[in-house]
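**Q** Structure provided below as structure tokens; questions to follow.
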Amino acid sequence: RLGVSNWQKRKAEAKKKIKDAAKKLIKIASKRLEAKSFLININNREYEKFCSTFPFVETDDQLNAINDVINDFEKGIPSDRLIVGDVAFGKTEVIIRALFLAAKSKIQSIVFVPTTLLSRQHYNNFKKRFNLFNIKIAEVSRLISNNEKNQIYNECNDGKIDILIGTHALLNDKLSFKKLGLIIYDEEQKLGTLQKEKFKDITPNAHVLSLS
């Protein structure tokens with residue numbers, strides 16, 4: 001009931017949580033403004049060969065988005081880019097090419113997704129594209145045993161995994177990286193704001209790509 005003491009208490013608690021969250025977001029954004037991004041080499045010799053493994057003809061919108069991301073990499077500062085498009089319009093290919101360039105520059109990447117189904121779908125698709133180019137991919141979700149997860153966490157810490165795909169299992173405190181420089185949120189509107197900010201806080205100089 002509105003107006004009773006219990007309601008006033010809950011409202012005050014909610015206000016405090018909102019203020020605390022806002023302070024944290026501002027602090028992270030400030031750190032990113034002062035940071036320099038990791039160097040991602042866009043002149044990789046294998047890049048054109050990798051692009052040729054895409055089984056479709058790129059649309060103009062895809063090519064524009066890919067070029068925008070590459071331009072972000074050249075600026076030397078952490079970028080935040082949102083890519084919006086309907087299902088099956090080719091957003092995934094944009095991030096795949098970004099992931100390739102990062103991996104070939106010895107930069108680790110994560111792909112954070114809201115569902116186990118999407119995580120497994122990305123894992124299977126990425127393996128087909130990346131395996132030929134000696135890029136190591138791993139996945140963490142409820143489909144992966146705890147022993148496997150612990151091994152993956154250790155390999156990420158040692159820099160042995162180039163691309164890590166996963167659900168909220170990525171938020172495990174055991175997970176750390178040797179050189180995390182690219183953060184990707186797929187279906188970012190379904191992920192919590194503070195959950196997404198955790199990775200920016202860990203690595204303020206990482207590039208961020210969000211798909212919606």
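The values are calculated or read from the model by the stated rules, or taken from the named source; none is laboratory data. Quick caveat: nothing in here was measured; it's all calculated off a predicted structure. For neighbour counting, all protein chains shown are included, and Cβ atoms are generated from backbone atoms with ideal geometry for every residue, glycine included. Surface areas here come from the heavy atoms of the whole protein model, side chains and all, with no ligands, DNA or RNA. Shrake-Rupley method; radii C 1.70, N 1.55, O 1.52, S 1.80 Å.
**Q** If the elastic network links every pair of Cα atoms under 10 Å, which of SER52, SER109, SER176 fluctuates the most in the Gaussian network model of the chain?
**A** SER52
**Q** Also, I was wondering about something else. Mind scanning LYS24/LYS127; LYS27/LYS104; LYS75/LYS200; LYS31/LYS178; LYS128/LYS198; LYS49/LYS200 and naming the pairs with a C-alpha gap bigger than 26 Å?
**A** LYS24/LYS127; LYS27/LYS104; LYS128/LYS198; LYS49/LYS200
**Q** Turning to a different aspect of this structure: With every protein chain left in place, what is the accessible area of ASP201 in Å² (1.4 Å probe, nearest 10)?
**A** About 60 Å², rounded to the nearest 10.
**Q** With runs of 4+ DSSP H residues as the only contributors, calculate the mean residue ellipticity of the chain at 222 nm using -39,500 (n - 2.57) per run, divided by the residue total and rounded to the nearest 500.
**A** Details: 7 runs with 101 residues, N = 212.
-15500 deg cm²/dmol, from helical runs alone.
**Q** If you take the beta carbon distance between LYS198 and ARG45 as r and set R0 to 30 Å, what does 1/(1 + (r/R0)^6) give as a FRET efficiency, to the nearest 0.05?
**A** Here the calculated transfer efficiency is 0.30.
**Q** Next question. Keeping all protein chains in the complex and leaving out DNA, RNA and ligands, what accessible area do you get for SER5 with a 1.4 Å probe, in Å² to the nearest 10?
**A** Solvent-accessible area, nearest 10 Å²: 100 Å².
**Q** Where does helix 146-157 land angle-wise versus the long Cα axis of the chain, in degrees 0 to 90, nearest 10?
**A** Helix 146-157 and the main axis of the chain meet at about 70 degrees.
**Q** Could you tell me what percent of the accessible area of the chain is made up of carbon and sulfur, with a 1.4 Å probe and every protein chain present? Please list the in-between numbers first.
**A** On the way: 6200 of 12270 Å².
Carbon and sulfur atoms account for 51 percent of the accessible area of the chain.
**Q** In nanometres, what is the gap between the two model label sites at ASP80 and LEU33, each 7 Å from Cα along Cα-to-Cβ?
**A** With each label placed 7 Å out from Cα toward Cβ, I get 1.1 nm.
**Q** Can you give me the relative contact order of the chain as a percent, contacts being Cα pairs under 8 Å and 6 or more apart? Provide the component values of the computation, followed by the final result.
**A** Details: 301 pairs, mean separation 57.9, N = 212.
That works out to 27 percent.
**Q** If R0 is 45 Å, what FRET efficiency do you get for ARG142 and ASN71 from their C-beta distance, rounded to 0.05? Don't jump to the answer; show the numbers that get you there.
**A** Values: r = 37 Å, r/R0 = 0.83.
E(calc), rounded to 0.05, equals 0.75.
**Q** Could I ask something else about it? In Å², and per residue, what accessible area does the chain have when probed at 1.4 Å with the other protein chains present?
**A** Each residue of the chain exposes 58 Å² on average to a 1.4 Å probe.
**Q** I've got another one for you. Between GLN8 and VAL87, what FRET efficiency comes out of the Förster formula 1/(1 + (r/R0)^6) with R0 = 35 Å and r the beta carbon distance, rounded to 0.05?
**A** 0.20
**Q** So how exposed is LEU171, as accessible area in Å² (1.4 Å probe, rounded to 10)?
**A** Here the residue's solvent-accessible area equals roughly 40 Å².
**Q** Rounded to the nearest 10 degrees, what's the angle between the helix 116-130 long axis and the longest principal axis of the chain, both from Cα atoms, 0 to 90?
**A** Computed tilt is about 20 degrees.
**Q** Separate question: Taking loop as defined by DSSP and a crowding limit of 15 other beta carbons within 10 Å, which chymotrypsin sites (Phe, Trp or Tyr not before Pro) in segment 1-85 fit?
**A** PHE56
**Q** State to the nearest 20 debye the size of the charge dipole of segment 77-208 about its Cα centre, where the only charges are +1 on K and R beta carbons and -1 on D and E beta carbons. Display every interim value, and only then the final one.
**A** Numbers: 20 positive and 14 negative charges, 74 e Å.
Computed charge dipole of segment 77-208: roughly 360 debye.
**Q** What distance in nm separates the two pseudo spin-label positions at LYS17 and THR115, each 7 Å out from Cα along the beta-carbon direction?
**A** The answer from the label model is 2.6 nm.
**Q** Quick check: pseudo-label points 7 Å beyond the Cα along Cα→Cβ at ARG1 and PHE56, how many nm apart are they?
**A** Result: 5.8 nm between the two label points.
**Q** Heavy atoms only, 1.4 Å probe, whole protein assembly: order GLU46, GLU148 by accessible area, highest first.
**A** Descending accessible area places them as GLU148, GLU46.
**Q** Now for a different question. How do LEU209, LEU132 rank by accessible surface area computed with a 1.4 Å probe, from largest to smallest?
**A** Correct descending sequence by accessible area is LEU132, LEU209.
**Q** Can you sort HIS122, HIS168 by 1.4 Å-probe accessible area, starting with the largest?
**A** Accessible-area ranking of HIS122, HIS168, largest first: HIS168, HIS122.
**Q** Restrict the search to segment 18-98; then list the trypsin sites (Lys or Arg not before Pro) that DSSP places in a loop and that have at most 11 other Cβ atoms within 10 Å of their Cβ.
**A** Filter output for segment 18-98: LYS36, ARG45, LYS75.
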